[in-house]
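Accompanying notes for the structure given below.
The values are calculated or read from the model by the stated rules, or taken from the named source; none is laboratory data. As the structure is a prediction and not an experimental result, all values here were calculated from the model. All Cβ positions, glycine included, derive from the backbone under ideal geometry; neighbour counts span all protein chains shown. Side chains are part of the model used for accessible areas, which takes the heavy atoms of the whole protein and leaves out ligands, DNA and RNA. Shrake-Rupley method; radii C 1.70, N 1.55, O 1.52, S 1.80 Å.
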Amino acid sequence: MNPPLLQCPRCRAWLLGAVFNQPQLSPCPACGASLVVEVFPAFFRPMESGTSGEAVMVEGESSCFYHPQKKAVQPCDACGRFLCALCDCAIKGQHLCPACLESGSKKQAIQGLEDVRPLHSRQALMLSCLPFFITGLGGIYMALRYRNAPGSLVRPMRWAMNVALALGVLQTLSFGVLFFLIFTRS
Amino acid sequence: MAEATPYRRLPGTGYRRMVPGWAILLLFFFAIGIFALLLRGRRVQLWLGADHLLLVESDGRQEFYKRFYYRDIQAVVVHKTSEGKIVNGILTGITCLFLAIAVAVGMEEVAAGIVFVCIAAIFGIALLVNWLSGPTCQTFLRTAVQIEELPSLTRLRQLHKALDQLRPLIVAGQGELPPDEIAARMREVVEGPRQPAPEPIKTIILEEPDAPPRTDPGPAS
């Protein structure tokens, strides 16, 4: 287990309790850099160790799918396979096996494990705003293709799809009229 | 219409830089102008969720998320930096330089003098904004498994505002840590946990080389 110690970001010296949770900036005892160090109870909490599954003692007792010699404690909420204490991954109230966890993480299907999202609405808006003929068409395509795709977690910007669509159509029509006038005049 | 999101934004926006700040400034003024801003890197913001702090990095095409659950946050370490003072010094120098040029040129040609005053005013406004934003800092968040830099909290004033919003949520998730308990727990960490008193050493008396060893019961108390 890591010792619960903090280092000064400037000189890497170990910081002691005198600088913790002070209302004002406190100097680092080693280099004198002004620091604010706010610690919380988790800082002193020992790291929890994982539990290994119990061995199957009685014949016929349900065992783990991945470790047949270990006792099953929970079925996977996604695939229903029996899991021992080691294989049981509890996430947001769900119990998942490592395989479902990995596939769910890859497909971005598990809420709380999603770590990247494409911003289709902003891309569509940006394309529609660029003053070129093909970008307007691109904006229309993106707005229609990703109309129901999930947007940003923090700023969904659903309105941007409609605006992008309107601007894209407007831009394409304007270019169409422009080209028509140029060709008919010549 | 405002869309419902379970997150609330914390003050501050920063950039996880691809190239150093001085290189961007150099490119901005002497090479590629406004396009240098494309090299700023990912924009970073912090958002408060129901049970976690969400760090959002955006490159314009995608958003990248990192979650720090309130129950897991161990510490926030902030280091006051001198970046703000250095930038203030540089901007003051540039403003003064352009003002001096404006005065020198303006004596002979008023229009040129006005142009240089305008350039000086741009740098003066930047100086004012930087000065009003207050001292700069570098912020780190520590959990049991990582130390993450928070590039969005680079001003002490923003940091205090953000901590005032963040602290109650962490306390709700972990409980309060009284100041006297910190000292006691740190003493325990530095000195190690208290060990039980060692047993008194028993002396072994050998009377005959072939006899089994006899232990001395120790002084009678």
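Kirkwood Rh over alpha-carbon pairs of segment A:120-185, then Stokes-Einstein at 25 °C and 0.890 mPa s: what D in µm² s⁻¹, rounded to an integer? List each step's numbers first, then the result.
Details: Rh = 12.0 Å.
In µm²/s, the coefficient is 205.
Kindly give Rg over Rh for segment A:51-114, based on alpha-carbon atoms, with the Kirkwood expression for the hydrodynamic radius. Intermediate results must be reported in sequence, preceding the final value.
On the way: Rg = 12.4 Å, Rh = 12.0 Å.
Reported Rg/Rh (Cα atoms, Kirkwood Rh): 1.03.
Candidates A:PRO46, A:ALA149, A:CYS76 compared by Cα position along the dipole of segment A:30-161: farthest toward the positive end lies A:ALA149, with charges placed on Cβ. In angstrom, the C-alpha Rg and Dmax of the protein assembly as shown are 31.7, 129. Centroid-to-centroid, using Cα positions, segment B:1-52 and segment B:156-192 are 28 Å apart. Here segment A:79-118 and segment A:130-158 have alpha carbon centers that stand 30 Å from each other.
Taking R0 as 30 Å, what's the FRET efficiency between B:ILE86 and B:GLN62 from their Cβ-Cβ distance, rounded to 0.05? All intermediate terms of the calculation are to be shown ahead of the outcome.
On the way: r = 33 Å, r/R0 = 1.10.
Using R0 = 30 Å, I get an efficiency of 0.35.
Diagonalising the gyration tensor over the Cα atoms of chain A and scaling each eigenvalue by 5 before taking the square root yields semi-axes of 53, 35, 11 Å, largest first.
Taking 22 Å as R0, compute the FRET efficiency from the Cβ-Cβ separation of B:LEU26 and B:ALA112 and round it to 0.05.
Working: r = 26 Å, r/R0 = 1.18.
Once the sixth-power term is evaluated, E becomes 0.25.
A DSSP coil position with no more than 15 other Cβ atoms inside 10 Å describes the following chymotrypsin sites (Phe, Trp or Tyr not before Pro) in segment A:62-151: A:PHE132.
State whether segment B:107-149 is rounded, prolate or oblate according to the following rule on the C-alpha gyration tensor (a ≥ b ≥ c being the square roots of its eigenvalues): a/c under 1.5 gives rounded; otherwise a/b larger than b/c gives prolate, and the remaining case gives oblate. Prolate.
Measuring spread by the Cα atoms of segment B:1-98 yields a radius of gyration and Dmax of 17.7, 53 Å.
For chain A, return all DSSP H helices satisfying: extent of Cα atoms along own axis at least 20 Å; mean Kyte-Doolittle hydropathy at least -1.0. If you can, show how the numbers build up before the last one.
On the way: long enough: A:159-185 (39 Å, 1.59).
Counting only whole DSSP H runs, the qualifying helices are A:159-185.
When its C-alpha radius of gyration is set against 2.2 N^0.38 Å (N residues), segment B:37-192 gives a value of 1.51.
Listed by chain and number, the lysines whose C-alpha is less than 26 Å from the C-alpha of A:LYS107, apart from same-chain residues fewer than 8 away, are A:LYS92, B:LYS66. Summing both sides, the accessible surface hidden between A and B at a 1.4 Å probe radius is close to 4000 Å².
Can you give the charge dipole size of the protein assembly as shown about its Cα centre, rounded to the nearest 20 debye, using +1 on the beta carbon of Lys and Arg and -1 on the beta carbon of Asp and Glu?
Numbers: 39 positive and 32 negative charges, 401 e Å.
My answer is approximately 1920 debye.
In segment B:49-88, the convex hull through the Cα atoms has an average projected area of 4.8 nm², a quarter of its surface area.
Would you tally the net charge around B:LEU163, using a Cβ to Cβ cut-off of less than 13 Å, leaving B:LEU163 out, and scoring K and R as +1, D and E as -1? Present the calculation step by step, with values, prior to reporting the outcome.
Numbers: positive: B:ARG155, B:ARG157, B:LYS161, B:ARG167; negative: A:GLU38, B:ASP164.
Cβ neighbours under 13 Å give a net charge of +2.
Quote the charge dipole size of chain A about the Cα centre in Debye, to the nearest 20; the model charges only the Cβ of Lys and Arg (+1) and of Asp and Glu (-1). Present the calculation step by step, with values, prior to reporting the outcome.
Values: 16 positive and 10 negative charges, 195 e Å.
Its charge dipole is roughly 940 debye.
Summary of the geometry: segment A:3-62 and segment B:133-151, compared by the centres of their Cα atoms, lie 15 Å apart.
Across segment A:62-72, coupling constants 3J(HN,Hα) worked out from phi with the 6.51/-1.76/1.60 Karplus curve, θ = phi - 60°, read 5, 10, 5, 5, 8, 10, x, 8, 9, 6, 7 Hz, and Gly and Pro carry x.
By the helix-only formula, in which each DSSP H run with n ≥ 4 contributes -39500 (n - 2.57) and the sum is divided by residues, chain A has a 222 nm mean residue ellipticity of -10500 deg cm²/dmol.
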